[in-house]
Amino acid sequence: MSQKAKLIGCATRPTLVLILAAGTVSYGVARAEGIVPALHATMRTMSASLAQVGEFTKGNGEQPAAIDAATKVVMFAKSIPTLFPPGSELTELPSKSGAAPTTWDDVDRFLDAQKHLVVETAKLLAATKDGNREAIAQQVANTRKACTACHEQFRD
């Protein structure tokens with residue numbers, strides 16, 4: 001390689017690093033903005049599915065549909081961490097997700113709350129499969145408490 005090529009290569013490396021870094025930040029913002037609709041859709045679907053299981057406890061609907069709804073609640077509860085990707089806490093996205101800034105201040109506490117929700121939703125699915133409407137109703141209440149506890153801590 002010629003001396004001139006080496007000098008050009010050395011001079012362009014910092015520029016290239018800055019371009020890549022800017023692209024990564026832009027991608028993080030775009031990814032975070034793109035995740036907001038998925039976050040909202042997930043929370044609405046979880047709420048509707050939990051309500052459907054609750055209706056089953058009142059004698060409305062069939063057990064297979066309640067099991068499908070409980071399965072959705074479990075699946076979405078497990079997916080929650082993917083809805084808060086790196087970059088979604090950036091100041092460029094104030095109040096778009098509905099998540100409080102404290103979500104990223106104490107990620108471990110957030111993930112603990114999510115794990116507790118997963119445990120409660122798994123119990124909901126098991127109760128729904130068993131078919132005891134009283135037990136299901138109690139577990140619907142426990143699952144709602146887990147949802148509420150997380151929202152009280154981590155939602156604006």
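List of remarks:
- With each label modelled as a point 7 angstrom along the Cα→C-beta vector, the residue 116-residue 141 pair spans 1.8 nm.
- FRET efficiency, 1/(1 + (r/R0)^6) with R0 35 Å, evaluated for residue 133 and residue 106 via beta carbons: 0.40
- Accessible surface, 1.4 Å probe, highest first, among residues 115, 58: 58, 115
- A 1.4 Å probe, protein heavy atoms only, puts the accessible area of residue 55 near 70 Å².
- Estimated at the nearest 10 Å², the accessible area of residue 44 is 150 Å² with a 1.4 Å probe.
The values are calculated or read from the model by the stated rules, or taken from the named source; none is laboratory data. The shown structure was predicted, so the numbers you read here are calculated from the model rather than taken from an experiment. Quick reminder, even Gly has a Cβ in these numbers, built from the backbone with ideal geometry, and neighbours come from all protein chains shown. These accessible areas exclude ligands, DNA and RNA; they are computed on the full protein's heavy atoms, side chains included. Shrake-Rupley method; radii C 1.70, N 1.55, O 1.52, S 1.80 Å.
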